[in-house]
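First comes the structure, then the notes that go with it.
No lab work stands behind these numbers, since they all come straight from the coordinates. These numbers were taken from a predicted model, which means no experiment stands behind them. No Cβ is skipped: glycine too gets one built from the backbone with ideal geometry, and neighbour counts run over all protein chains shown.
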């Protein structure tokens, strides 16, 4: 069973493709939404619990640019910052951590080299390693889901729930779970999938993918058993969105930290200018 914590977390996720923040649907970029810095300034102001930034470009050509974005974001981010994308080695992980990441999000590379999870956990601590698992329905697997890699392009041959047990055993401190077909389509989390993960492992589960209204966040905790609920697209176009999400969760009886607005003085001319 998933670990029980006093308060549930709300996580805002930014997806960076070729240096730009984008929306996705079923893991394909569909719309550019603007600056990561503007989004993080806003999330900071309304004290979202954590921020995740994932590099999803098709090549490594934008990796240096992404590291620069992470470095500048870390100067502005007053909550834990999780960074993922292209984490294939300890060297890339070290670059992210030196740039200011608090946690590393690992996905595709861990299937080719499962020992990578343990290497990262030993180097940075299990609390800094988040295993991201993208799952799609497949009745051939005992859980009903197969784990997918390379942004859901490649089948791994792993039962998604068995892979969750494997990465937890190897030292992952948290697991983020996303249903491939729910990504960006606003129908809510796959609660059955999340519950299977929560019942299978004792590390915190982060629900991700498909949030279209605040009820979906509540369901992720109450029905899915998630320790944290994450979303991306919905936060870009809803005014005061993270505050409204927190207030809705609290009014529904979910234990979350208070949303207190902080006015933060941000650098007028950041060292790194991405756009």
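See the values below:
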{"quantity": "Ranking of 91, 166 by count of other Cβ atoms within 10 Å, fewest first", "calculated": "91, 166"}
{"quantity": "Extension reserve of the residue 251-residue 90 stretch, reckoned as 0.36 nm per residue once the Cα distance is removed", "calculated": "53.7 nm"}
{"quantity": "Computed label-point distance, nm, for sites residue 138 and residue 187 using a 7 Å Cα→Cβ extension", "calculated": "2.0"}
{"quantity": "Kirkwood Rh, Cα atoms: Rg over Rh of the range 9-251", "calculated": "0.93"}
{"quantity": "Protection-proxy order for peptides 99-105, 136-142, 176-182, each taking the mean of Cβ atoms within 10 Å per residue, highest first", "calculated": "176-182, 99-105, 136-142"}
{"quantity": "Near-label residues of the range 157-193 by backbone N, under 16 Å of a point 7 Å along Cα→Cβ of residue 123", "calculated": "171-173"}
{"quantity": "For the range 113-176, alpha-carbon Rg and Dmax in angstrom", "calculated": "12.0, 37"}
{"quantity": "Length released on extending from residue 199 to residue 215, taking residue separation times 0.36 nm less the Cα-Cα span", "calculated": "3.6 nm"}
{"quantity": "Relative contact order for the range 9-251, counting Cα pairs under 8 Å that sit 6 or more residues apart, in percent", "calculated": "17"}
